[in-house]
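Worksheet: the structure to be examined is printed underneath.
Quick note: the coordinates plus some simple rules give every number you see, no bench work behind them. For clarity, every value in this text was computed on a predicted model and none was experimentally measured. Heads up, the Cβs are rebuilt from the backbone with ideal geometry, glycines too, and the neighbour counts pull from every protein chain shown.
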Amino acid sequence: MPKRILVATYYWPPAGGPGVQRWLKTAQALKQLGHDVEVLTVDPAYATYPLRDESLTAEAEGITVHSTRARDWFGTYQKLTRRKEVPFSGFANQAGKPGPIQRLSRWVRGNLFIPDPRRGWNPYAVAEALKQHALKPYDLVVTSGPPHSTHLIGLELQRRGMRWWADFRDPWTDIYYYRMFYPSAWARRRDAELERSVLERAERVLTVSDDLKRLLASKLNGDSAKFVVVPNGYDPADFAADAPVPNNPVRTLVYTGTLTLDYPLEALYTALRTYCRQHGALKLVFAGRPAQEAKDALESLAQKLPLTVEFKGYLPHAESVALLQGADALLLLIPELPNNRGILTGKLFEYLGSGRPIWGFGPVDGDANAIVRETHAGGLYEDAHKASEALAQWPEQGASLEARTRYTRLGIAEGLAAYLDK
């Protein structure tokens, strides 16, 4: 039976980056299945986005959007640190040792704005959701985090009698950059209390991977009955079905997204040195925001090896997809962090959708490598020399169309829709 669903998400076009794609695409897929999906988000005039991608606005057509004002601490942060950019997740655009003002501002963020500064949106979002619900009731509210303060909107709406599911794209208190906020013992306890209240009260908890499901369920004594794995996916309409096999003059590796110092960079540098010395020229193209230290190290390697490195910065989604399809292989890196076996980045599924081979570094027993191997798209490695040998023998094609079909947004939405009547 068709349902009327309200999705509360801070990140919505014109915001850019992977946090937008999950519900932008899933909302359209659920509508295609006959459900009435509306979105509750922050007015862009009051939002602080690390990235903007105006091109995504067209993809949101047909979705009714309710936007509200918000109070946000990041404007103060920018003035305090004299930085024009909003911090990325994990401070990817602020790598290196933070200065005194940055350390102070991070401490304020981690101890005075719990669970996060974007909580200033919540009272406006709750009021708007109740207003729209009174006009035409919703069957379900879904909150998507990070920011995990969004789940507190769902918690309040549930107290007002509405059904609510919480969608976790990333961990909360276990997220890898949590320690960078210097949380006190009190702040850690308060964050853990809020996290547990969300996990206990939500009717269902959606997660992106099996390992994240296990992690979150462990906070409820392992009770996983309410947890549902809804992986990210890709939209076949974004990719040219008849894209030819690339014919680059120099073998080209492409990486998209952020790249912090938590990624397996030393293994990557070693593999690049070995490959270039044994097999010749290679080109590495980055679209996104690599940490300055990583850029410096790669440019230094390029001066000593037959290696070309190109940094394109953040690209609109359509340009990023075209870059993927023009690569000989795609570089995938999983951060070297606790619980990294369950990390399934949105880019993995875009990589699959491109049909290009996937090569990189990450836990060989992790969820990402399981999908890469299952679809015969390539593989992830932990040993740099094995990785270099594999790159030298890389196939021309990645995952077949048949193998990657199960990870389309529509296919994933169909699986999600099966739970709506339960």
- Volume per residue, Å³, of the convex hull around the alpha-carbon atoms of the range 207-328? 152
- Message: Residue by residue through the range 99-115, what is 3J(HN,Hα) from phi via Karplus (6.51 cos²θ - 1.76 cosθ + 1.60, θ = phi - 60°)? Round to whole Hz and write x for glycine and proline.
- Response: x, x, 5, 5, 4, 5, 5, 5, 5, 4, 4, x, 10, 10, 10, 10, x
- Under-5 Å amide H pairs with residue 259, H placed in peptide plane, nonlocal only: 289, 291
- Task: Treat the count of other C-beta atoms within 10 Å as a stand-in for reagent exposure and order 354, 320 from fewest to most.
- Result: 320, 354
- Message: If I histogram all Cα-Cα distances within the chain using bins 10 Å wide from 0, what percent of pairs lands in each bin?
- Response: 4, 21, 32, 26, 13, 3, 0
- Task: Using a/c under 1.5 as the rounded threshold, could you call the range 236-405 rounded, prolate or oblate? The axes a ≥ b ≥ c are square roots of the C-alpha gyration tensor eigenvalues, and prolate needs a/b larger than b/c, oblate otherwise.
- Result: rounded
- Task: Highest first, please rank the peptides 196-206, 212-222 by the mean number of other Cβ atoms sitting within 10 Å of their residues.
- Result: 196-206, 212-222
- Residues whose built amide H sits under 5 Å from the amide H of residue 360, excluding neighbours closer than 5 in sequence, are 332, 379, 381
- Note on the structure: Long-range amide H partners of residue 67, meaning residues 5 or more apart or on another chain whose placed amide H is closer than 5 Å, are 41
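List the equivalent ellipsoid semi-axes of the range 4-230 in whole Å, largest first, each obtained as the square root of 5λ for an eigenvalue λ of the Cα gyration tensor. Could the numbers behind the result be given before it?
On the way: eigenvalues 149, 96, 53 Å².
Each semi-axis is √(5λ); the values are 27, 22, 16 Å.
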- ³J(HN,Hα) computed for each position of the range 306-323 - Karplus, 6.51 cos²θ - 1.76 cosθ + 1.60, integer Hz, glycine/proline x: x, 10, 10, 10, 10, 10, 9, x, 6, 10, x, 4, 4, 5, 5, 5, 4, 5
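Cα convex hull of the range 309-422: how many Å³ per residue?
Working: hull volume 16.2 nm³, N = 114.
Enclosed volume per residue, from the Cα hull, is 142 Å³.
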- Report ³J(HN,Hα) in whole Hz for each residue of the range 398-407, in order, from the Karplus equation J = 6.51 cos²θ - 1.76 cosθ + 1.60 where θ = phi - 60°; Gly and Pro get x. x, 5, 5, 4, 5, 5, 8, 4, 5, 9
